[in-house]
Amino acid sequence: MQEQWNLSELADLGALRVRGPDTVTFLQGQVSNDVARLTPQQSLLAGYHNPQGRTIAVLRLVQLGQDDLLAILPRELAATVASRLSKFILRAKVKIVDESASWRVAGLVAPEAGSGGNPGEPVGSSLAAAQFDAATSIAHFEGDSATIALESASAVMLPDTVGGQSQFDSSTVVRVGASPPRWLVISPADQTSPLPAVARAERDAWRLLDIAAGQPQIYAATSEEFVAQMLNLDALGAIAFDKGCYTGQEVIARAHYRGRVKRRLQGFVSRGALSLAAGDSGQLADGRAFKVVEAVQLADGRCEFLAVAPLAAGDQEPAAASNAAPAQGAHADAEQLGLPYALPD
């Protein structure tokens, strides 16, 4: 259980700046979510796909101003995605620039209910400000490498619903997790974050929370490997099935309306020492082939990972339903982890 506020520097994440009078119209034809729903108070998760419906990148869209937004994604994909999107601009009045070097992305994690707050009480705007004030009053700023000195946060408003977005000066704060409560803090690279003194956490601590939340990320090693539903983007609200056409829409809609998805993103933890990375393939002890989406090696040598694999017997599709060739690579004796959301029928 998360017992204190902490902040992970997500230096591997970058940002595309998309702006111009046709920004919304242009992106409506490119990404899987309904960009018209994006507001200064509401961010969106969306997939960017190739014509075969396979995910090139998963984007967190945040609105900076009218016809001006950021798309947060791994830095290693930013230039490629910017280049691909730019090919479709044609006469649209929109400009796409890789501004990864201009933005700092961090992940803020709050104590779970019962660990520094009142049991059952949501960690929302007013509670967060009060807890931040308390943290600031007891923090040691001099010579303490475990904390970072940040400005007072009494005026910072942290969104209390997943997907919610708020602004503080030039920083954007987006709620991305429910339990534990967590936020992305997106700030200009040359400015100090608006948060108080918070304990530092390793980058893998944030990855472990993504794995527990069943939230996929796409890297260069897995770009264009998975159809949207294989990553559970439908379950995560990243696909709007009632919007107009976009690249890959036909394949994604067919999978939604005409049949069940045989392979899905699932969480696992190995029972013994195991080293995996995004893009690795292998086979589970029950014979199911898997491909890794995200992985973290634990201190005891075990590995916790998200992978796309056939659903186990008793779920929506039996493992035998997969016609995939026998997997090459790691053989993983692993326990399957539950997802915090239901998969569509």
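Each value in this text was obtained by applying a stated rule to the coordinates, not by laboratory testing. Because the structure is a prediction, the values reported are computed rather than measured. Counting neighbours? That spans all protein chains shown, and the Cβs are built from the backbone with ideal geometry, glycine included.
A few remarks follow.
- Restricting the chymotrypsin sites (Phe, Trp or Tyr not before Pro) of region 24-91 to loop positions (DSSP other than H, G, I, E, B) with no more than 15 neighbouring Cβ atoms within 10 Å leaves F88.
- Summing charges over neighbours of L10, with a neighbour being any other residue whose Cβ is under 12 Å away from its Cβ, gives +1 when K and R count +1 and D and E count -1.
- Each residue of region 60-69 was assigned a 3J(HN,Hα) from its phi angle through the Karplus curve 6.51 cos²θ - 1.76 cosθ + 1.60 (θ = phi - 60°); the sequence is 9, 8, 10, 8, 8, x, 4, 6, 8, 9 Hz, with glycine and proline shown as x.
- Cα pair distances in region 206-269, grouped into 10 Å bins until the bin that holds the longest one, percent each: 18, 52, 26, 4
- Estimated distance in nm for a label pair at Y341 and A101, the labels positioned 7 Å out from Cα along Cα-to-Cβ: 3.5
- The dipole here belongs to region 197-290: it is taken about the Cα centre, uses +1 on the Cβ of Lys and Arg and -1 on the Cβ of Asp and Glu, and is about 260 debye.
- Kirkwood Rh in Å, taken over region 8-97 so that all alpha-carbon pairs contribute: 13.1
- Most positive-pole-ward Cα, G279, C245, C303, against dipole of region 219-321 from beta carbon charges: C245
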